[in-house]
Amino acid sequence: MQFAIIFHETPEAFAERTGEKAAAYWSTWSAYFGALGDKTQSGACLKGPETGAVLRVDGKGREVQDGPYADTKEQLGGFAIIEADSLEDALTWAERSPAAAAGAVEVRPVQPMAEIPEMQS
């Protein structure tokens, strides 16, 4: 079964991606993904929220808001799609992530497109 592990990081964690703390920051993520090994199906690290934008479309047209765009303590920092035997197994891997110590980690089962009847036309 596939699960998305979604890493939410604090502004302080984003700041550690560069500068004198960068090597330590990235080494913890390298160790984490090394431990996951072949359980990892895909994933990506995302650049800081200030580099993105949010698009909304309503009856009046398109509205684009430059980031950072959410007033929260954490921002989406990246994600991984992993193979796990159960939600509990996926939660165990999420708990081991560097983001769990200072941010938050969301775990959600992946719904394959093949399981959505409306998508099979």
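Is region 75-87 home to any residue that is over 15 Å from the mean Cα position of the chain (by Cα), under 19 Å from His8 (Cα atoms), of a type outside the set (S, T, N, Q) and surrounded by 15 or more Cβ atoms within 10 Å (Cβ to Cβ)? No; the residues of region 75-87 include none that is over 15 Å from the mean Cα position of the chain (by Cα), under 19 Å from His8 (Cα atoms), of a type outside the set (S, T, N, Q) and surrounded by 15 or more Cβ atoms within 10 Å (Cβ to Cβ). Summed over region 79-121, the residues that are among the acidic types (Asp, Glu) and free of Cβ contacts under 8 Å to residues at least 24 places away in the same chain give a count of 5.
The set of residues in region 1-34 that are under 14 Å from the mean Cα position of the chain (by Cα) and free of Cβ contacts under 8 Å to residues at least 60 places away in the same chain contains only Phe33. When Lys39 is tested against (1) charged (D, E, K, R); (2) modelled with pLDDT of 95 or more; (3) surrounded by fewer than 15 Cβ atoms within 10 Å (Cβ to Cβ), exactly one condition is not met: (3).
The requirement of being over 27 Å from Gln2 (Cα atoms), touching a residue at least 12 places away in the same chain (Cβ under 8 Å) and either loosely packed, with under 11 Cβ neighbours inside 10 Å or of a type in the set (S, T, N, Q) (or both) is satisfied by Thr51.
When region 102-121 is limited to residues that are among the small types (Gly, Ala, Ser) and exposed (fewer than 11 other Cβ atoms within 10 Å of the Cβ), the one that is nearest to the chain's Cα centre (by Cα) turns out to be Ala114.
The lone criterion from (1) over 26 Å from Gln2 (Cβ atoms); (2) within 17 Å of the chain's Cα centre (by Cα); (3) in a strand (DSSP E or B) left unmet by Ser42 is number (1).
Quick check on this structure: which one of Thr18, Thr28, Thr10 is polar (S, T, N, Q) and in contact with a helix residue (DSSP H, G or I) (Cβ under 7 Å, 6 or more places away or on another chain)?
It is Thr10.
In region 78-121, the residue that is nearest to Gly48 (Cα to Cα) out of those that are small (Gly, Ala, Ser) and assigned to a strand (DSSP E or B) is Gly78.
The values are calculated or read from the model by the stated rules, or taken from the named source; none is laboratory data. From a predicted model like this one, the values you see are computed outputs, not experimental measurements. We place every Cβ from the backbone using ideal geometry, glycine too, and count neighbours over all the protein chains shown.
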